[in-house]
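Worksheet for the structure shown next.
The values are calculated or read from the model by the stated rules, or taken from the named source; none is laboratory data. Not measured: the values here are computed from a predicted model. Because the Cβ atoms are built from the backbone with ideal geometry, glycine has one as well, and the counts that use them run over all protein chains shown. In case anyone asks, the SASA skips ligands and DNA or RNA and just uses the protein heavy atoms, side chains included. Shrake-Rupley method; radii C 1.70, N 1.55, O 1.52, S 1.80 Å.
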Amino acid sequence: MSKFCSECGCEVGENANFCVKCGTPRRDKSGSKPEWQSKREKVLGSPQKRTRSIKMFLWTTALAVFAGWVYFNLPESGNPIIKSSPTIASPVSYSTEAQPMVPVQAIVQDGKIVLPLDLLKEKRFVKFFYGEPESSVPMLAYISGEGKVVTAISVCEPCNSTDFHIKEDKVICNSCGSTWELNTLKAVSGSCGRYPPDAVPNAVANGKIQIDEQVVSQWRRRV
């Protein structure tokens with residue numbers, strides 16, 4: 001008795017295992033797969049396994065692409081203001097003995113707070129004030145371990161201290177002992193660690209450190 005292919009409708013011989021026209025296996029045969037199909041799946045895997053493998057490959061590829069995007073788009077670590085500060089000297093190494101702040105005078109000229117660069121190179125860590133005595137803003141400047149000029153508002157706001165010292169590669173509050181990395185002002189330890197001296201931009205020209213007066217005059221406490 002002749003049979004017909006379930007796929008293309010072509011007549012299939014009684015003893016044929018598959019359609020000679022389109023190759024579709026006969027469904028009325030026993031549940032076992034044709035020998036050629038079984039061998040094929042041994043080499044390539046079953047359709048379900050191939051589908052799972054393809055999905056896993058696509059998922060792994062997508063995950064790798066996303067991880068690469070995240071890695072290359074992470075924000076740079078460190079204080080961006082300090083990163084953009086000028087490098088004007090060889091890297092400075094501070095001793096294990098506390099380097100105190102040295103009081104100096106700064107002047108205001110053409111909208112800039114001006115401090116001699118040579119004075120900072122000599123003292124390495126200085127403190128000065130901007131504004132009228134009754135409302136003056138304490139400021140500091142130092143040369144980092146990378147040779148950068150770092151300028152900041154000299155206030156540890158939670159404990160109201162305006163004095164700091166440098167020891168090796170750390171800036172330390174004289175009052176509460178909170179500690180920050182010298183090169184980045186990133187918190188190391190202490191209850192006031194979230195509020196380091198607030199860095200302000202500066203520029204160096206003609207042997208003078210210049211800080212925008214408006215930036216300092218508009219500064220407000222963070223806590």
* **When residues of the stretch 134-144 are limited to those that are free of Cβ contacts under 8 Å to residues at least 60 places away in the same chain and within 15 Å of residue 217 (Cβ to Cβ), the one surrounded by the most Cβ atoms within 10 Å (Cβ to Cβ)** => 138
* **So residue 151, is it modelled with pLDDT of 95 or more, under 23 Å from residue 88 (Cα atoms) and polar (S, T, N, Q)** => yes
* Asked: Taking the stretch 86-115 on its own, how many of its residues are in contact with a strand residue (DSSP E or B) (Cβ under 6 Å, 6 or more places away or on another chain) and in contact (Cβ under 8 Å) with a residue 12 or more places away in the chain?
  -> 18
* Asked: Name the residues in the stretch 95-115 that are assigned to a strand (DSSP E or B) and open to solvent by less than 60 Å² (accessible area, probe 1.4 Å), would you?
  -> 99, 102, 113, 114, 115
* Asked: Inside the stretch 69-94, can you point out the residues that are assigned to a helix (DSSP H, G or I) and at pLDDT 50 or above?
  -> 80, 81, 82, 83
* State which residue pairs qualify: first residue among the small types (Gly, Ala, Ser) and inside the stretch 195-223, second residue in a helix (DSSP H, G or I) in any location, beta carbons under 6 Å apart, and separation of 6 or more residues or different chains. => 199/81; 199/82; 207/117
* **The listed residue being surrounded by fewer than 23 Cβ atoms within 10 Å (Cβ to Cβ) and without any contact (Cβ under 8 Å) to a residue 60 or more places away in the chain, out of 177, 147** => 177
* Considering each of 187, 205 in turn, give the residue that is touching a Lys or Arg at 6+ places or on another chain (Cβ under 9 Å) and small (Gly, Ala, Ser). => 187
* Got a sec? Which strands (runs of 3 or more DSSP E) wholly within the stretch 181-223 have at least 1 residues that are open to solvent by less than 20 Å² (accessible area, probe 1.4 Å) and at negative phi? -> 198-200, 208-212
